[in-house]
Amino acid sequence: MNNINKLTNISLFLSFGLLLSQFASADGSISLKGEFNGAWKSSSGSYSTTNEQEDGNLDVIFTDTVEGVDVYLRLRQKVDGSAQQNAKLGNELGTLSFGDDDGAVDPVDSKVPSIFNDSSAKQMIAGMTSDYKDGDNGNNTITYHSPSFSGTSFKIGLTKGEGGEASAGSGDITSASISSSLGPVSISFGSAMHDASALTAGAAAFDSAFVTASTSLGGAKVGVGMYDSDYGDESMNIGVMMPISGFDFNITYSEHEEQSGHDPSGYMFGIGKSLGFGDYTLEYHHADLTGSESGEVDTVRLGYSISFGPGYIPLVIN
């Protein structure tokens with residue numbers, strides 16, 4: 001029954017998007033985009049599993065320019081049945097984003113190349129998860145994206161808390177980041193500042209911070225990222241991505257410095273191929289979680305991402 005309801009919601013959402021396109025102005029445009037991600041995964045020992053969480057969404061995107069202001073509206077229907085909305089208004093002074101937004105940190109804190117299509121600064125190796133929090137939480141966010149000044153730009157975001165005092169999610173999250181370059185090296189750094197109870201009830205306030213750098217060497221891309229969770233662990237990720245005979249070959253290494261106990265580390269080798277309508281990856285992950293043989297986790301993962309749509313958004317926010 002739940003699957004039927006989800007399909008019904010998506011059908012209605014698609015019909016709504018097609019209806020909107022009939023009313024689009026001559027200057028504006030409506031486009032449809034969609035993607036579906038998932039994986040088959042097998043891990044050693046008690047960590048073994050055969051299926052990984054599937055994720056996907058269908059987007060109706062409207063863009064226009066009204067009296068010198070770029071207007072962007074995205075209506076998103078996710079496969080889990082939830083819906084999200086995001087609106088952006090921009091000109092030469094910058095862009096304001098409202099609603100479902102990643103904040104100022106999440107879009108720029110992962111310059112480490114990884115073929116793991118569900119990876120993030122929080123988890124680069126299967127079985128390893130950092131305590132680092134990037135501030136991407138909730139759909140009540142406003143973010144300012146500055147224009148580029150000689151290759152340097154910044155973002156400032158605020159996610160307002162909701163609910164009663166000291167309840168989960170009631171604290172605000174303020175995020176800020178700066179992106180620039182030093183010659184051929186792209187760099188970013190910033191922080192996500194969480195008020196008390198921003199994530200869980202009664203939790204103390206904390207700040208997380210990051211710095212990343214990446215560059216290209218011939219056809220290869222190299223990146224490194226360092227992340228401080230403030231209250232749990234510090235982590236470092238290093239990755240290399242290079243093309244080989246029409247495939248993308250990737251090596252990623254990750255290590256965490258815990259406040260006590262063993263410091264986990266791990267690595268991943270992966271190869272991927274894009275077929276136009278989708279991307280497919282085959283990966284081998286190894287994680288040392290406890291320092292003993294029983295805590296070593298080996299994972300083989302076959303990932304896939306199938307998508308459709310125009311492949312671009314006229315108002316791109318990086």
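Nothing in this text is a laboratory measurement; each read-out follows from the coordinates by a stated rule. Keep in mind it's a predicted model, so treat the numbers as computed, not measured. Using ideal geometry, Cβ is built from the backbone for each residue, glycine included, and neighbour counts are taken over all protein chains shown.
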Placing +1 on each Lys and Arg Cβ and -1 on each Asp and Glu Cβ in segment 2-308, then taking the dipole about the Cα centre, the residue among Met242, Gly103, Ser130 whose Cα reaches farthest towards the positive end is Met242
Computed over the chain, the Cα gyration tensor eigenvalues, each multiplied by 5 and square-rooted, give semi-axes in Å (largest first) of 32, 25, 23
Given unit charges at Cβ for Lys, Arg (+) and Asp, Glu (-), the dipole magnitude of segment 124-194 about its Cα centre in debye, nearest 20, is 240 debye
Taking Cα atoms, the helix 2-21 axis meets the longest principal axis of the chain at an angle in degrees (rounded to 10) of 40 degrees
With the charge dipole of segment 2-308 built from beta-carbon charges (+1 for Lys and Arg, -1 for Asp and Glu) about the Cα centre, the Cα from Tyr227, Ala204, Ala39 projecting farthest to the positive end belongs to Ala39
For Asp263 and Leu217, extending 7 Å from Cα along the Cα-Cβ vector and measuring point to point gives, in nm, a value of 2.3 nm
Residue by residue through segment 231-237, the couplings from Karplus 6.51 cos²θ - 1.76 cosθ + 1.60 with θ = phi - 60°, in Hz, x for Gly and Pro, are 10, x, 9, 10, 9, 9, 10
Restricting to lysines and to Cα separations under 19 Å from Lys111, and discarding same-chain partners fewer than 8 apart, the set is Lys122, Lys133, Lys155, Lys221
Answer in debye to the nearest 20: the dipole magnitude of the chain about its Cα centre, from +1 Lys/Arg and -1 Asp/Glu charges placed on Cβ, is 1060 debye
On the formula 1/(1 + (r/R0)^6), with r taken between the Cβ atoms of Gln84 and Ser167 and R0 of 22 Å, the FRET efficiency rounded to 0.05 is 0.50
Taking the dipole of segment 119-218 about the Cα centre (Lys, Arg +1; Asp, Glu -1; charges at Cβ), the one of Gly157, Ala213, Ser119 that reaches farthest to the positive side is Ala213
Magnitude of the Cβ-charge dipole (Lys and Arg +1, Asp and Glu -1) of segment 198-318 about the Cα centre, nearest 20 debye, reported as 840 debye
Asserting the computed 222 nm helical MRE of the chain (DSSP H runs at least 4 long, -39500 (n - 2.57) per run, divided by residue count, to nearest 500) equals -2000 deg cm²/dmol
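For the chain, what relative contact order do you get, as a whole percent, if you take Cα pairs closer than 8 Å and at least 6 residues apart?
Reported as a whole number, the value is 16 percent.
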Ranked by GNM mean-square fluctuation in the chain (Cα springs under 10 Å), the top entry among Phe62, Phe149, Phe36 is Phe149
